[in-house]
1. If you place +1 on the Cβ of every Lys and Arg and -1 on the Cβ of every Asp and Glu, how big does the dipole about the Cα centre of the stretch 105-265 come out, in debye to the nearest 20?
2. Are there trypsin sites (Lys or Arg not before Pro) in the stretch 1-105 that DSSP puts in a loop and that have at most 15 other Cβ atoms within 10 Å, and which ones?
3. Summing -39500 (n - 2.57) over the DSSP H runs of n ≥ 4 in the chain and dividing by its residue number, what mean residue ellipticity at 222 nm do you reach, to the nearest 500 deg cm²/dmol?
4. Report the normalised scattering of the chain as log10 I(q)/I(0) at q = 0.06, 0.07, 0.14 Å⁻¹, calculated by the Debye formula with identical scatterers on the alpha carbons.
5. Just name one of VAL303, ILE164, VAL135: the one whose Cα is farthest towards the positive end of the charge dipole of the chain (beta-carbon charges, Lys/Arg +1, Asp/Glu -1).
6. Roughly how far apart, in whole Å, are the Cα centres of the stretch 203-237 and the stretch 292-353?
7. Where both residues lie in the stretch 138-244, what percent of DSSP beta bridges are antiparallel, nearest 5?
8. Could you run the Karplus curve 6.51 cos²θ - 1.76 cosθ + 1.60 with θ = phi - 60° over the stretch 85-91 and give me ³J(HN,Hα) per residue in whole Hz, x for Gly and Pro?
Amino acid sequence: MASKKICVFPGDGIGPEVVREGLSVLRVIEQAAGKRMFETEEELLGGASYDVHGVPMSRNALALARASDAVLLGAVGGPRWDPLPFAVRPERALLGLRKELGLFANLRPAVVFAPLLDASPLRRELVEGIDLMVVRELTGGIYFGEPRGVSFINGVETGINTEIYTRPEIERVARVAFELSRKRSRRVTSVDKSNVLEATELWRKVVSEVGAKEYPDVALSHMLVDNCAMQLIRNPRQFDVVVTTNLFGDILTDEASMITGSIGMLPSASIGGKVGMYEPIHGSAPDIAGKGVANPLATILSVAMMLKYSFDMPAEAARIEKAVERVLADGYRTGDIYREGEGKKVGTTEMGDRVRHAVLNQYQKR
Ligand code: NAD
(Lines give C-alpha, C1' and ligand atoms only; values in the text may rest on other atoms or scores of the structure.)
Protein backbone atom coordinates (compact mmCIF):
# COMPACT_ATOMS: atom_id res chain seq x y z
CA MET A 1 0.00 0.00 0.00
CA ALA A 2 1.37 3.43 -0.94
CA SER A 3 1.54 5.70 2.08
CA LYS A 4 -1.50 7.91 2.62
CA LYS A 5 -1.04 11.64 2.55
CA ILE A 6 -2.78 13.51 5.36
CA CYS A 7 -3.20 17.27 5.32
CA VAL A 8 -3.12 18.46 8.93
CA PHE A 9 -4.76 21.71 10.05
CA PRO A 10 -4.16 22.03 13.80
CA GLY A 11 -6.09 25.33 13.79
CA ASP A 12 -6.65 27.46 16.89
CA GLY A 13 -7.07 27.13 20.67
CA ILE A 14 -6.91 23.50 21.80
CA GLY A 15 -6.74 22.37 18.14
CA PRO A 16 -2.93 21.85 18.06
CA GLU A 17 -2.99 20.07 21.45
CA VAL A 18 -5.60 17.47 20.47
CA VAL A 19 -4.35 17.02 16.90
CA ARG A 20 -0.88 16.15 18.22
CA GLU A 21 -2.40 13.27 20.20
CA GLY A 22 -4.45 12.08 17.21
CA LEU A 23 -1.38 11.96 14.99
CA SER A 24 0.72 10.10 17.53
CA VAL A 25 -1.86 7.31 17.53
CA LEU A 26 -1.16 6.89 13.82
CA ARG A 27 2.57 6.63 14.54
CA VAL A 28 1.87 3.78 16.96
CA ILE A 29 -0.04 1.93 14.24
CA GLU A 30 2.96 2.38 11.93
CA GLN A 31 5.27 1.18 14.68
CA ALA A 32 3.19 -1.98 15.10
CA ALA A 33 3.09 -2.58 11.34
CA GLY A 34 6.83 -1.91 11.07
CA LYS A 35 6.45 0.43 8.11
CA ARG A 36 5.72 4.03 7.19
CA MET A 37 2.02 4.24 6.26
CA PHE A 38 1.07 7.87 6.69
CA GLU A 39 2.72 11.00 5.38
CA THR A 40 1.59 14.21 7.10
CA GLU A 41 1.99 17.84 6.19
CA GLU A 42 0.79 20.79 8.26
CA GLU A 43 -0.66 24.15 7.27
CA LEU A 44 -2.15 27.06 9.19
CA LEU A 45 -5.93 27.45 9.15
CA GLY A 46 -8.46 29.77 10.80
CA GLY A 47 -7.23 32.50 13.15
CA ALA A 48 -3.67 31.18 13.02
CA SER A 49 -3.71 31.62 9.23
CA TYR A 50 -5.30 35.07 9.46
CA ASP A 51 -2.53 36.25 11.79
CA VAL A 52 0.17 35.26 9.28
CA HIS A 53 -1.50 35.52 5.86
CA GLY A 54 -4.43 37.90 6.47
CA VAL A 55 -6.93 35.23 5.35
CA PRO A 56 -8.40 32.23 7.25
CA MET A 57 -7.47 29.83 4.45
CA SER A 58 -4.47 30.51 2.21
CA ARG A 59 -4.13 29.19 -1.35
CA ASN A 60 -1.36 26.89 -0.15
CA ALA A 61 -3.63 25.45 2.53
CA LEU A 62 -6.37 24.68 0.02
CA ALA A 63 -3.89 23.26 -2.49
CA LEU A 64 -2.44 20.98 0.19
CA ALA A 65 -5.92 19.75 1.18
CA ARG A 66 -6.79 19.06 -2.45
CA ALA A 67 -3.57 17.13 -3.06
CA SER A 68 -4.01 14.91 0.03
CA ASP A 69 -5.91 11.68 0.66
CA ALA A 70 -7.62 13.09 3.76
CA VAL A 71 -7.70 16.17 5.99
CA LEU A 72 -7.40 16.16 9.78
CA LEU A 73 -8.61 19.35 11.42
CA GLY A 74 -8.44 20.50 15.05
CA ALA A 75 -10.76 23.48 15.43
CA VAL A 76 -10.76 27.11 14.41
CA GLY A 77 -11.85 30.38 15.97
CA GLY A 78 -11.63 32.23 19.24
CA PRO A 79 -12.57 35.57 20.84
CA ARG A 80 -9.40 37.22 19.52
CA TRP A 81 -10.78 37.02 15.98
CA ASP A 82 -14.47 37.66 16.77
CA PRO A 83 -14.33 41.38 15.89
CA LEU A 84 -13.06 40.62 12.34
CA PRO A 85 -15.30 41.19 9.32
CA PHE A 86 -17.40 38.13 8.43
CA ALA A 87 -15.42 37.41 5.23
CA VAL A 88 -12.14 36.78 7.08
CA ARG A 89 -13.48 35.18 10.26
CA PRO A 90 -11.70 31.88 11.06
CA GLU A 91 -14.95 29.88 10.67
CA ARG A 92 -15.11 30.94 6.99
CA ALA A 93 -12.24 28.52 6.38
CA LEU A 94 -14.56 25.61 7.25
CA LEU A 95 -17.28 26.67 4.83
CA GLY A 96 -14.61 27.23 2.17
CA LEU A 97 -13.09 23.78 2.67
CA ARG A 98 -16.48 22.03 2.56
CA LYS A 99 -17.36 23.80 -0.65
CA GLU A 100 -13.98 23.41 -2.36
CA LEU A 101 -13.65 19.74 -1.44
CA GLY A 102 -17.29 18.94 -2.32
CA LEU A 103 -18.02 17.57 1.15
CA PHE A 104 -21.79 17.20 0.88
CA ALA A 105 -22.33 14.66 3.66
CA ASN A 106 -21.45 15.13 7.31
CA LEU A 107 -21.31 11.96 9.39
CA ARG A 108 -21.65 12.27 13.12
CA PRO A 109 -21.80 9.11 15.16
CA ALA A 110 -23.31 9.29 18.63
CA VAL A 111 -22.02 6.40 20.67
CA VAL A 112 -22.24 5.98 24.40
CA PHE A 113 -19.19 4.36 25.93
CA ALA A 114 -20.27 2.04 28.73
CA PRO A 115 -17.89 3.55 31.32
CA LEU A 116 -19.41 7.01 30.68
CA LEU A 117 -23.07 6.06 30.96
CA ASP A 118 -23.59 8.37 33.91
CA ALA A 119 -22.20 11.40 32.03
CA SER A 120 -25.39 11.51 29.94
CA PRO A 121 -28.13 13.86 31.11
CA LEU A 122 -30.57 11.03 30.31
CA ARG A 123 -31.20 8.05 32.55
CA ARG A 124 -28.77 5.15 32.18
CA GLU A 125 -31.46 2.73 30.94
CA LEU A 126 -32.34 5.10 28.07
CA VAL A 127 -28.79 5.56 26.80
CA GLU A 128 -27.19 2.18 27.38
CA GLY A 129 -26.13 0.78 24.00
CA ILE A 130 -26.83 3.91 21.89
CA ASP A 131 -24.97 3.68 18.59
CA LEU A 132 -26.47 5.93 15.97
CA MET A 133 -25.10 7.80 12.99
CA VAL A 134 -26.56 11.06 11.72
CA VAL A 135 -25.88 11.87 8.06
CA ARG A 136 -26.43 15.60 7.54
CA GLU A 137 -26.58 17.16 4.07
CA LEU A 138 -23.84 19.79 4.21
CA THR A 139 -23.67 21.93 1.10
CA GLY A 140 -27.30 22.68 0.20
CA GLY A 141 -30.63 23.68 1.71
CA ILE A 142 -31.54 26.88 3.49
CA TYR A 143 -27.93 27.75 4.42
CA PHE A 144 -27.09 28.32 0.78
CA GLY A 145 -30.45 28.89 -0.99
CA GLU A 146 -31.18 32.09 -2.91
CA PRO A 147 -32.83 34.55 -2.55
CA ARG A 148 -31.49 35.46 0.85
CA GLY A 149 -30.78 38.57 2.88
CA VAL A 150 -32.44 41.39 4.74
CA SER A 151 -34.01 44.23 2.77
CA PHE A 152 -37.02 46.49 2.62
CA ILE A 153 -39.90 45.03 0.65
CA ASN A 154 -42.88 47.36 0.16
CA GLY A 155 -41.38 49.54 2.89
CA VAL A 156 -41.23 46.68 5.45
CA GLU A 157 -37.88 45.38 6.69
CA THR A 158 -37.85 41.69 5.68
CA GLY A 159 -35.47 38.77 6.22
CA ILE A 160 -35.44 35.99 3.63
CA ASN A 161 -33.84 32.57 3.39
CA THR A 162 -34.71 29.86 0.93
CA GLU A 163 -34.91 26.14 1.55
CA ILE A 164 -34.01 24.54 -1.77
CA TYR A 165 -33.06 20.97 -2.72
CA THR A 166 -32.63 19.41 -6.14
CA ARG A 167 -33.16 15.74 -6.91
CA PRO A 168 -29.42 15.05 -7.46
CA GLU A 169 -28.51 16.68 -4.13
CA ILE A 170 -31.00 14.46 -2.31
CA GLU A 171 -30.06 11.30 -4.21
CA ARG A 172 -26.35 11.53 -3.43
CA VAL A 173 -26.75 12.09 0.31
CA ALA A 174 -29.41 9.37 0.49
CA ARG A 175 -26.94 6.94 -1.12
CA VAL A 176 -24.32 7.79 1.52
CA ALA A 177 -26.84 6.93 4.25
CA PHE A 178 -27.99 3.69 2.59
CA GLU A 179 -24.42 2.54 1.95
CA LEU A 180 -23.48 3.22 5.58
CA SER A 181 -26.50 1.31 6.82
CA ARG A 182 -25.34 -1.75 4.89
CA LYS A 183 -22.25 -1.81 7.12
CA ARG A 184 -24.48 -1.47 10.19
CA SER A 185 -27.99 -2.85 10.78
CA ARG A 186 -29.61 -1.89 7.47
CA ARG A 187 -32.04 0.63 8.93
CA VAL A 188 -32.37 4.24 7.75
CA THR A 189 -34.65 6.93 9.15
CA SER A 190 -35.09 9.91 6.84
CA VAL A 191 -36.08 13.08 8.68
CA ASP A 192 -38.04 15.91 7.03
CA LYS A 193 -40.94 18.32 7.48
CA SER A 194 -42.85 17.13 4.46
CA ASN A 195 -46.23 18.07 5.93
CA VAL A 196 -45.33 21.77 5.72
CA LEU A 197 -42.27 22.30 3.49
CA GLU A 198 -42.47 21.36 -0.20
CA ALA A 199 -38.67 21.12 -0.51
CA THR A 200 -38.74 18.30 2.02
CA GLU A 201 -41.80 16.74 0.38
CA LEU A 202 -39.43 16.22 -2.56
CA TRP A 203 -36.76 15.03 -0.10
CA ARG A 204 -39.08 12.28 1.18
CA LYS A 205 -40.13 11.25 -2.34
CA VAL A 206 -36.56 11.02 -3.65
CA VAL A 207 -35.18 9.17 -0.59
CA SER A 208 -38.05 6.66 -0.93
CA GLU A 209 -37.31 6.14 -4.64
CA VAL A 210 -33.56 5.66 -4.11
CA GLY A 211 -34.31 3.22 -1.30
CA ALA A 212 -36.85 1.18 -3.26
CA LYS A 213 -34.79 1.05 -6.47
CA GLU A 214 -31.23 0.67 -5.22
CA TYR A 215 -31.42 -0.52 -1.62
CA PRO A 216 -34.41 -2.88 -1.25
CA ASP A 217 -32.47 -4.74 1.47
CA VAL A 218 -32.47 -1.65 3.75
CA ALA A 219 -35.50 -0.86 5.94
CA LEU A 220 -36.37 2.81 5.34
CA SER A 221 -38.70 4.82 7.56
CA HIS A 222 -39.61 8.50 7.57
CA MET A 223 -40.04 10.81 10.54
CA LEU A 224 -41.04 14.44 10.89
CA VAL A 225 -38.28 16.53 12.44
CA ASP A 226 -40.34 17.64 15.45
CA ASN A 227 -41.13 14.03 16.29
CA CYS A 228 -37.47 13.07 15.75
CA ALA A 229 -36.30 15.73 18.23
CA MET A 230 -38.67 14.19 20.76
CA GLN A 231 -37.82 10.56 19.96
CA LEU A 232 -34.09 11.24 20.38
CA ILE A 233 -34.81 12.00 24.04
CA ARG A 234 -37.62 9.47 24.58
CA ASN A 235 -36.03 6.43 22.95
CA PRO A 236 -32.69 7.15 21.24
CA ARG A 237 -31.87 3.46 20.85
CA GLN A 238 -34.52 3.06 18.14
CA PHE A 239 -32.24 4.85 15.62
CA ASP A 240 -29.44 3.44 13.52
CA VAL A 241 -28.70 5.71 10.51
CA VAL A 242 -30.56 9.03 10.36
CA VAL A 243 -30.37 11.10 7.17
CA THR A 244 -31.57 14.68 7.03
CA THR A 245 -31.24 18.17 5.58
CA ASN A 246 -28.56 20.73 6.41
CA LEU A 247 -30.70 22.76 8.83
CA PHE A 248 -32.38 19.84 10.61
CA GLY A 249 -29.06 18.00 10.77
CA ASP A 250 -27.36 20.97 12.39
CA ILE A 251 -29.85 20.90 15.23
CA LEU A 252 -30.37 17.14 15.59
CA THR A 253 -26.62 16.35 15.65
CA ASP A 254 -26.10 18.70 18.60
CA GLU A 255 -29.03 17.08 20.38
CA ALA A 256 -27.69 13.59 19.65
CA SER A 257 -24.21 14.52 20.84
CA MET A 258 -25.52 15.91 24.13
CA ILE A 259 -27.23 12.60 24.85
CA THR A 260 -23.84 10.92 24.94
CA GLY A 261 -22.45 13.18 27.66
CA SER A 262 -19.38 15.12 26.59
CA ILE A 263 -18.58 17.22 23.59
CA GLY A 264 -14.91 16.20 24.05
CA MET A 265 -15.73 12.62 23.02
CA LEU A 266 -17.38 12.93 19.62
CA PRO A 267 -15.71 12.73 16.21
CA SER A 268 -17.06 13.62 12.78
CA ALA A 269 -16.37 13.04 9.11
CA SER A 270 -17.30 15.11 6.09
CA ILE A 271 -17.27 13.14 2.88
CA GLY A 272 -18.53 13.27 -0.68
CA GLY A 273 -15.55 14.39 -2.74
CA LYS A 274 -12.19 12.76 -3.38
CA VAL A 275 -10.76 13.98 -0.06
CA GLY A 276 -12.59 13.39 3.24
CA MET A 277 -12.24 15.74 6.20
CA TYR A 278 -12.14 14.56 9.81
CA GLU A 279 -12.51 16.67 12.92
CA PRO A 280 -13.79 16.60 16.49
CA ILE A 281 -17.23 18.17 16.83
CA HIS A 282 -16.07 20.56 19.55
CA GLY A 283 -14.65 24.02 18.93
CA SER A 284 -11.32 25.58 19.89
CA ALA A 285 -12.27 25.82 23.59
CA PRO A 286 -10.38 29.08 24.24
CA ASP A 287 -11.20 28.83 27.96
CA ILE A 288 -8.88 25.82 28.38
CA ALA A 289 -6.42 26.32 25.50
CA GLY A 290 -2.75 25.94 26.44
CA LYS A 291 -3.53 24.36 29.80
CA GLY A 292 -2.93 20.77 28.74
CA VAL A 293 -6.34 19.62 29.99
CA ALA A 294 -8.35 19.24 26.75
CA ASN A 295 -9.87 15.85 26.02
CA PRO A 296 -8.11 14.45 22.92
CA LEU A 297 -10.50 11.48 22.48
CA ALA A 298 -12.82 13.16 19.94
CA THR A 299 -9.79 13.83 17.72
CA ILE A 300 -8.36 10.36 18.25
CA LEU A 301 -11.77 8.91 17.28
CA SER A 302 -11.81 11.23 14.24
CA VAL A 303 -8.54 9.62 13.19
CA ALA A 304 -10.29 6.23 13.54
CA MET A 305 -13.06 7.48 11.23
CA MET A 306 -10.39 8.58 8.73
CA LEU A 307 -8.93 5.07 8.72
CA LYS A 308 -12.40 3.59 8.24
CA TYR A 309 -13.89 5.89 5.62
CA SER A 310 -10.91 7.29 3.67
CA PHE A 311 -8.26 4.57 3.95
CA ASP A 312 -10.39 1.42 4.11
CA MET A 313 -8.58 0.27 7.26
CA PRO A 314 -11.52 -0.84 9.45
CA ALA A 315 -9.43 -3.21 11.59
CA GLU A 316 -7.04 -0.42 12.63
CA ALA A 317 -10.00 1.91 13.26
CA ALA A 318 -11.61 -0.73 15.49
CA ARG A 319 -8.36 -1.05 17.47
CA ILE A 320 -8.39 2.67 18.23
CA GLU A 321 -12.05 2.58 19.28
CA LYS A 322 -11.39 -0.42 21.48
CA ALA A 323 -8.35 1.30 23.02
CA VAL A 324 -10.48 4.34 23.92
CA GLU A 325 -13.07 2.08 25.55
CA ARG A 326 -10.27 0.28 27.47
CA VAL A 327 -8.75 3.49 28.81
CA LEU A 328 -12.15 4.74 29.95
CA ALA A 329 -12.92 1.38 31.56
CA ASP A 330 -9.60 1.66 33.41
CA GLY A 331 -10.91 4.89 34.92
CA TYR A 332 -8.81 7.55 33.14
CA ARG A 333 -10.71 10.82 32.65
CA THR A 334 -9.91 14.30 31.39
CA GLY A 335 -11.56 17.13 33.32
CA ASP A 336 -14.65 17.34 31.10
CA ILE A 337 -15.68 13.73 31.83
CA TYR A 338 -14.31 13.45 35.37
CA ARG A 339 -16.64 13.10 38.34
CA GLU A 340 -15.36 13.61 41.87
CA GLY A 341 -14.28 10.35 43.44
CA GLU A 342 -14.54 8.31 40.23
CA GLY A 343 -11.43 7.30 38.32
CA LYS A 344 -8.18 9.19 37.79
CA LYS A 345 -8.01 12.69 36.36
CA VAL A 346 -5.40 13.06 33.60
CA GLY A 347 -4.33 15.74 31.13
CA THR A 348 -4.29 15.74 27.33
CA THR A 349 -0.90 14.08 26.87
CA GLU A 350 -1.42 11.35 29.45
CA MET A 351 -4.81 10.49 27.95
CA GLY A 352 -3.13 10.22 24.53
CA ASP A 353 -0.35 8.07 26.02
CA ARG A 354 -2.86 5.71 27.61
CA VAL A 355 -4.70 5.25 24.30
CA ARG A 356 -1.45 4.62 22.41
CA HIS A 357 -0.43 2.08 24.99
CA ALA A 358 -3.82 0.32 24.69
CA VAL A 359 -3.54 0.27 20.89
CA LEU A 360 -0.04 -1.26 21.05
CA ASN A 361 -1.23 -3.85 23.56
CA GLN A 362 -3.74 -5.16 21.05
CA TYR A 363 -1.04 -5.70 18.42
CA GLN A 364 1.17 -7.46 20.95
CA LYS A 365 -1.65 -9.82 21.97
CA ARG A 366 -2.17 -11.09 18.41
P1 NAD B 1 -16.31 24.84 22.22
O2 NAD B 1 -16.70 23.49 21.73
O3 NAD B 1 -14.97 25.32 21.82
O4 NAD B 1 -16.36 24.84 23.83
C5 NAD B 1 -17.57 24.63 24.57
C6 NAD B 1 -17.22 24.15 25.99
O7 NAD B 1 -16.77 22.79 25.90
C8 NAD B 1 -16.08 24.92 26.63
O9 NAD B 1 -16.31 25.02 28.02
C10 NAD B 1 -14.85 24.06 26.38
O11 NAD B 1 -13.84 24.20 27.36
C12 NAD B 1 -15.45 22.65 26.39
N13 NAD B 1 -14.71 21.75 25.50
C14 NAD B 1 -14.75 21.75 24.14
N15 NAD B 1 -13.92 20.81 23.66
C16 NAD B 1 -13.35 20.22 24.72
C17 NAD B 1 -12.38 19.19 24.86
N18 NAD B 1 -11.84 18.55 23.82
N19 NAD B 1 -12.01 18.84 26.12
C20 NAD B 1 -12.54 19.44 27.19
N21 NAD B 1 -13.46 20.42 27.12
C22 NAD B 1 -13.85 20.81 25.90
O23 NAD B 1 -17.44 25.84 21.77
P24 NAD B 1 -17.50 27.44 21.89
O25 NAD B 1 -16.92 27.87 23.19
O26 NAD B 1 -18.90 27.80 21.54
O27 NAD B 1 -16.58 27.97 20.71
C28 NAD B 1 -15.24 28.39 20.86
C29 NAD B 1 -14.69 28.78 19.50
O30 NAD B 1 -14.65 27.61 18.66
C31 NAD B 1 -15.54 29.80 18.75
O32 NAD B 1 -14.68 30.70 18.11
C33 NAD B 1 -16.31 28.97 17.74
O34 NAD B 1 -16.66 29.69 16.60
C35 NAD B 1 -15.31 27.90 17.43
N36 NAD B 1 -15.89 26.63 16.94
C37 NAD B 1 -15.19 26.00 15.96
C38 NAD B 1 -15.65 24.78 15.49
C39 NAD B 1 -14.82 24.08 14.44
O40 NAD B 1 -13.71 24.47 14.20
N41 NAD B 1 -15.33 23.05 13.81
C42 NAD B 1 -16.81 24.21 16.01
C43 NAD B 1 -17.48 24.87 17.03
C44 NAD B 1 -17.01 26.09 17.49
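1. Values: 19 positive and 22 negative charges, 102 e Å.
So the magnitude is around 480 debye.
2. On the way: sites: LYS4, LYS5, ARG20, ARG27, LYS35, ARG36, ARG59, ARG66, ARG80, ARG92, ARG98, LYS99; in loops: LYS35, ARG36.
Those satisfying the criteria are LYS35, ARG36.
3. Working: 12 runs with 152 residues, N = 366.
Roughly -13000 deg cm²/dmol at 222 nm, from the helical runs in the chain.
4. For the requested q values the scattering log ratios are -0.23, -0.31, -1.27.
5. Toward the positive end, the furthest listed residue is VAL303.
6. What the calculation gives is 31 Å, centre to centre.
7. Working: 5 of 15 bridges.
Once the DSSP bridges in the stretch 138-244 are tallied, antiparallel ones form about 35 percent.
8. Going residue by residue, I get x, 3, 5, 10, 5, x, 5 Hz, with x marking Gly and Pro.
The values are calculated or read from the model by the stated rules, or taken from the named source; none is laboratory data. None of the values given here were measured: they were computed from a predicted structure. Cβ sites come from the backbone with ideal geometry, for glycine too, and all protein chains shown count toward neighbours. Ligands, DNA and RNA are stripped out before the accessible areas are found, and what is left, the full protein with its side chains, is counted by its heavy atoms. Shrake-Rupley method; radii C 1.70, N 1.55, O 1.52, S 1.80 Å.
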